[in-house]
Amino acid sequence: MRGLGVRSMHERPDGHPRWAIPIWLWLLGISILINYVDRGNLAVAGPLLKDELRISNTEIGVLITAFFWTYTAVLAISGWIVDRFDVNWALLAGFVLWSLATAATGLVHGFVLLLICRMLLGSGESVAFPSYGKIIARNVPQEHRGVANAMIMSGMSLGPAIGTYVCGISMGRWGWRPVFILVGLVSLLWVVPWMRFMPQHQVEDVRRTSSVSALEIFRQRNFWAASAGHFFTVYPFYFMIVWLPLYLVRERHFSMQEMASRAAAYYVAYALASPISGWMADKWIRVGGDVTVVRKTGMAVGHSMMIVGVVASASADARVCLAGLIVMGLGGGVVGPNVYIFAQTLAGPAGAGKWTGLQNCVGNIAGVVVGPLTGWIVDRTGHFGSAFTICALAAALAGVLWVLGVGRLEQTAWVAEVEGVAVAGQAA
């Protein structure tokens, strides 16, 4: 089965290529599901953790988002690693580190040790998206990247759904520590099938993709527009991951079980919208749609839905709030795959790892900000209203940046590639 290799494609009767989803892509979806279970579990445990440690909303915000300190800082290095070395083994090493950090979180006591475990978790998880970007840019053609990235996004949203619902109910019954230990250790089973089915890459590709420098990427206007768009896109998403459980329990007065089911609705909507919107966009491109128009239309529609959903989620009416969570999840599902398609398309295989890592680095500063800022707002005002307003403004600005800030979606003409083509032409 390792022969699934670079691209699982064959010819249809009409002569057009048909793309089959390889096992390694399913494993990537499972890995990001586990990734988001692990990063979101502490937020699910927030109400219990807050009482155990007797800390303020600001302090719990700092503890939960300490993950992003190292996650954001190490992302640029992770991008370099996956472009320089074998991306398959880089992903595996990061996976093992973050799984062990999750298990250790359930064993340690005290604020400082929990903080250290969260920072180790961030370091391990930083390798994930640069690896996914590299692997998909190498192995998946443009007209199928919507579905490929949607599988990652579906796993990303199902992770918090499972973490919120299953882990939330489990924590309500048995406490949060046993859940962390079990999740961290069981997750390591993923390593076995990944070592068996990881995609194979040619040595020539590895040498070639190490040629694009970070400085070249920083010179691209599209990089900065995409990075800013990434920041404002993920701000509302991270707000939901970090604060939705506490919001529903403390301000809506739901039990842990009720919170779990309502929060899961947001993530399930996200997971359902991703593959459907990804397939529709890919189909549009296959029948002749312009890549730039198709991908930017998804961004415009998705962010509009996110704005409506955020506003409704803050409603005092419980039914309107639930509907808002679902609409926000659907909008996020439309947007999610496109965030990384932009990076993969603009960078190409030659720079996908570095570009994705650096863009993620800038974008995930939102995760550093959203925890303490929201905690400070809630401590100062006593409610989440202003925090939801900031999320709506962020979604609006993100849509503008993706649609108007980023130029045409086409691979950047990297200096090293242009020189390589010139040399090849002279030799011929």
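Structure notes:
- Counting only residues that are more than 19 Å from Gly367 (Cα to Cα) and either crowded, with 17+ Cβ neighbours inside 10 Å or small (Gly, Ala, Ser) (or both), the range 72-96 holds 12 of them.
- Restricting attention to the range 163-182, the residues that are within 15 Å of Leu33 (Cβ to Cβ) and touching a helix residue (DSSP H, G or I) at 6+ places or on another chain (Cβ under 6 Å) add up to 4.
- Residue in the range 216-233 that is of a type in the set (Ser, Thr, Tyr), closer than 30 Å to Arg173 by Cα and surrounded by 24 or more Cβ atoms within 10 Å (Cβ to Cβ) present: no
- Boolean, Val308 is surrounded by fewer than 22 Cβ atoms within 10 Å (Cβ to Cβ), β-branched (Val, Ile, Thr) and closer than 16 Å to Ala323 by Cα: yes
- Residues of the range 311-328 satisfying the condition of being at pLDDT 90 or above and crowded, with 24+ Cβ neighbours inside 10 Å: Met328
- Between Thr65, Thr102, the distinction of being within 22 Å of Val234 (Cβ to Cβ), touching a Pro at 6+ places or on another chain (Cβ under 8 Å) and buried (at least 23 other Cβ atoms within 10 Å of the Cβ) belongs to Thr65 only.
- Only residues that are under 17 Å from Phe68 (Cβ atoms) and among the small types (Gly, Ala, Ser) were counted in the range 370-386, giving 2.
Per-residue answers, yes or no, for (1) crowded, with 18+ Cβ neighbours inside 10 Å; (2) in a helix (DSSP H, G or I); (3) small (Gly, Ala, Ser); (4) at pLDDT 75 or above:
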position: Arg18; (1), (2), (3), (4): no, no, no, no
position: Ile21; (1), (2), (3), (4): no, no, no, no
position: Ile32; (1), (2), (3), (4): yes, yes, no, yes
position: Val37; (1), (2), (3), (4): yes, yes, no, yes
position: Pro47; (1), (2), (3), (4): yes, yes, no, no
position: Lys50; (1), (2), (3), (4): yes, yes, no, no
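- Among the residues of the range 111-132, those that are over 11 Å from the mean Cα position of the chain (by Cα) and touching a residue at least 40 places away in the same chain (Cβ under 8 Å) comprise Phe111, Leu114, Leu115, Arg118, Met119, Leu120, Leu121, Gly122, Ser123, Val127, Ser131.
- Listed here are the helices (runs of 4 or more DSSP H) enclosed by the range 353-428 that have at least 2 residues being of a type outside the set (Phe, Trp, Tyr) and at pLDDT below 85: 365-381, 415-427.
- The criterion of at least 1 residues that are farther than 30 Å from Gly298 by Cβ and aliphatic (A, V, I, L, M) is met by the following helices (runs of 4 or more DSSP H) wholly inside the range 89-202: 111-125, 168-174, 176-187, 191-197.
- A single member of Val327, Val335, Val320 is closer than 30 Å to Lys134 by Cα and outside any loop (DSSP other than H, G, I, E, B), and it is Val335.
- Failed criterion for Leu113 (all others in (1) within 30 Å of Lys283 (Cα to Cα); (2) at pLDDT 85 or above hold): (1)
The values are calculated or read from the model by the stated rules, or taken from the named source; none is laboratory data. All of these numbers come straight from a predicted model, not from anything done at the bench. Every residue, glycine as well, gets a Cβ built from its backbone with ideal geometry; the counts of neighbours run over all protein chains shown.
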